[in-house]
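K.L.:
Below: one structure in structure tokens.
The values are calculated or read from the model by the stated rules, or taken from the named source; none is laboratory data. The shown structure was predicted, so the numbers you read here are calculated from the model rather than taken from an experiment. FYI the Cβ positions are ideal-geometry reconstructions off the backbone, even for glycines, and counts take in every protein chain you see. Note: areas computed on protein heavy atoms with side chains; ligands, DNA, RNA excluded. Shrake-Rupley method; radii C 1.70, N 1.55, O 1.52, S 1.80 Å.
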Amino acid sequence: MELLENRIREDAEVLPGNILKVSNFLNHQIDVKLMDQMGEEFARLYKDTPVTKILTIESSGIAVAYSVAQKFGVPLVFAKKHKSSNVNEDVYSAKVWSFTHNQEYTVVVSKKYISSCDKILLVDDFLANGAALNGLIKIVGDAGAKVQGICIAIEKGFQNGGKELREKGFRVESLAIVDKMTDDGKIQFRA
Ligand code: 5GP
């Protein structure tokens, strides 16, 4: 999506450790018009796919996921980050390794909000090694629901998450795929 690529070129910062900082439109301040346009694009890409729910992880996936949910006219559910790994039986849970914080956390979704009838689109702001998405995929599987596809704003194509998920047969649509980024801020997108 050219609009998003241009925005990344203009506003993103490359931080040490392969982190792309996009605080000014996605991760701290949110450009709501851009979120709307991104939601529109995902709705176009998945227009023939039946969807009953959108699932993301708090907090930075929520803005993108809200827009996608609005376009499909379905509820948005977000997995909550849980400090301890002791979770009760009213929730589906998964352990996730955080790439940006270098620590493991547990994510939970109440059993009230996903059922075996659900056809789910997973949404996140970034895809790096795929840990966050694999956590969501486990939760959907535990609920007996179906993953219809994956919507990512920015995929870092030089990390393996996207490749592995596609090899497992998931449809992954990323609006911008960064193939290379350097510390002096140069960003190369997949054509
Ligand atoms: P993964 O689980 O695929 O390794 O990493 C994806 C998660 O880590 C996303 O939910 C996102 O919040 C965070 N993340 C991974 N890489 C980046 C990055 O380069 N920049 C930002 N802002 N977040 C990232």
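K.L.:
What about residue 40, is it surrounded by fewer than 19 Cβ atoms within 10 Å (Cβ to Cβ) and out of contact with any helix residue (DSSP H, G or I) (no Cβ under 9 Å at 6 or more places or on another chain)?
P.N.:
On the way: surrounded by fewer than 19 Cβ atoms within 10 Å (Cβ to Cβ): yes; out of contact with any helix residue (DSSP H, G or I) (no Cβ under 9 Å at 6 or more places or on another chain): no.
In short, no.
K.L.:
Still on this structure: Collect the residues in the range 147-175 that are among the hydrophobic types (A, V, I, L, M, F, W, C) and either within 14 Å of the ligand (Cβ to nearest atom) or at pLDDT below 95 (or both), keeping them in residue-number order. First the steps, then the outcome.
P.N.:
First, pick out the residues of the range 147-175 that are among the hydrophobic types (A, V, I, L, M, F, W, C): 147, 150-154, 158, 165, 170, 172, 175.
Hits for the range 147-175 are 150, 151, 152, 153, 154, 158, 165, 170, 172.
K.L.:
Additional query: Under 7 Å by Cβ, and 6 or more places apart or on different chains, what pairs join a residue from the range 10-33 that is within 21 Å of residue 66 (Cβ to Cβ) with one that is part of a loop (DSSP other than H, G, I, E, B) and modelled with pLDDT of 95 or more?
P.N.:
11/22; 22/12; 23/29; 25/31
K.L.:
Can you find, within the range 58-94, the residue that is most open to solvent (accessible area, probe 1.4 Å) among those that are touching a residue at least 40 places away in the same chain (Cβ under 8 Å), assigned to a helix (DSSP H, G or I) and within 16 Å of the ligand (Cβ to nearest atom)? Before the answer, list the steps.
P.N.:
The first filter runs over the range 58-94 and keeps only residues touching a residue at least 40 places away in the same chain (Cβ under 8 Å), leaving 60-61, 63-65, 68, 72, 79, 92-94.
Pick out the ones that are also assigned to a helix (DSSP H, G or I) and you get 63-65, 68, 72.
Still in the running and within 16 Å of the ligand (Cβ to nearest atom): 63-65, 68.
Details: 63: 22, 64: 1, 65: 0, 68: 0 Å².
Looking at the filtered set, the residue picked out is 63.
K.L.:
So, one more: Has the range 40-55 got any residue that is over 18 Å from residue 148 (Cα atoms) and within 14 Å of the ligand (Cβ to nearest atom)? Break it down into steps so the answer makes sense when it comes.
P.N.:
At the first step, the residues of the range 40-55 found to be over 18 Å from residue 148 (Cα atoms) are none.
For the range 40-55, residues over 18 Å from residue 148 (Cα atoms) and within 14 Å of the ligand (Cβ to nearest atom): absent.
K.L.:
Quick one: is residue 173 over 18 Å from residue 64 (Cβ atoms), open to solvent by 30 Å² or more (accessible area, probe 1.4 Å), of a type in the set (Asp, Glu) and not in a loop (DSSP other than H, G, I, E, B)? Show your work before the answer.
P.N.:
Working: over 18 Å from residue 64 (Cβ atoms): no; open to solvent by 30 Å² or more (accessible area, probe 1.4 Å): yes; of a type in the set (Asp, Glu): yes; not in a loop (DSSP other than H, G, I, E, B): yes.
Considered against the rule, which asks whether it is over 18 Å from residue 64 (Cβ atoms), open to solvent by 30 Å² or more (accessible area, probe 1.4 Å), of a type in the set (Asp, Glu) and not in a loop (DSSP other than H, G, I, E, B), residue 173 comes out as no.
K.L.:
How many residues are in a helix (DSSP H, G or I) and open to solvent by less than 20 Å² (accessible area, probe 1.4 Å) when one looks only at the range 132-147? Step through it out loud before you land on a result.
P.N.:
Here is the first cut: in the range 132-147, the residues in a helix (DSSP H, G or I) are 132-142.
Among the residues that remain, those that are also open to solvent by less than 20 Å² (accessible area, probe 1.4 Å) are: 133, 135-136, 139-140.
Number of matching residues: 5.
K.L.:
Would you be able to tell me the number of residues in the range 109-132 that are in contact with a strand residue (DSSP E or B) (Cβ under 6 Å, 6 or more places away or on another chain), in contact (Cβ under 8 Å) with a residue 24 or more places away in the chain and away from the ligand (no atom under 16 Å from the Cβ)?
P.N.:
Going through the range 109-132 one residue at a time, the tally reaches 4.
K.L.:
So which residues in the range 1-39 are within 16 Å of the ligand (Cβ to nearest atom), hydrophobic (A, V, I, L, M, F, W, C) and not in a helix (DSSP H, G or I), if there are any at all?
P.N.:
Of everything in the range 1-39, those that are within 16 Å of the ligand (Cβ to nearest atom), hydrophobic (A, V, I, L, M, F, W, C) and not in a helix (DSSP H, G or I) turn out to be 12, 14, 15, 19, 20, 22, 30.
K.L.:
While we're on this one: Among the residues of the range 72-87, is there at least one that is at pLDDT 95 or above, among the charged types (D, E, K, R) and under 20 Å from residue 141 (Cα atoms)? First the steps, then the outcome.
P.N.:
To start, the set of residues in the range 72-87 that are at pLDDT 95 or above comprises 72-80.
Right, trim to among the charged types (D, E, K, R) and you get 80.
Then keep just the ones that are under 20 Å from residue 141 (Cα atoms); that gives 80.
Yes; the residues of the range 72-87 include at least one that is at pLDDT 95 or above, among the charged types (D, E, K, R) and under 20 Å from residue 141 (Cα atoms).
K.L.:
Could you say whether any residue in the range 158-169 is in a strand (DSSP E or B) and buried (at least 17 other Cβ atoms within 10 Å of the Cβ)? Give the steps one after another, and end with the answer.
P.N.:
Taking the range 158-169 and keeping what is in a strand (DSSP E or B), we get none.
No, the conditions are met nowhere in the range 158-169.
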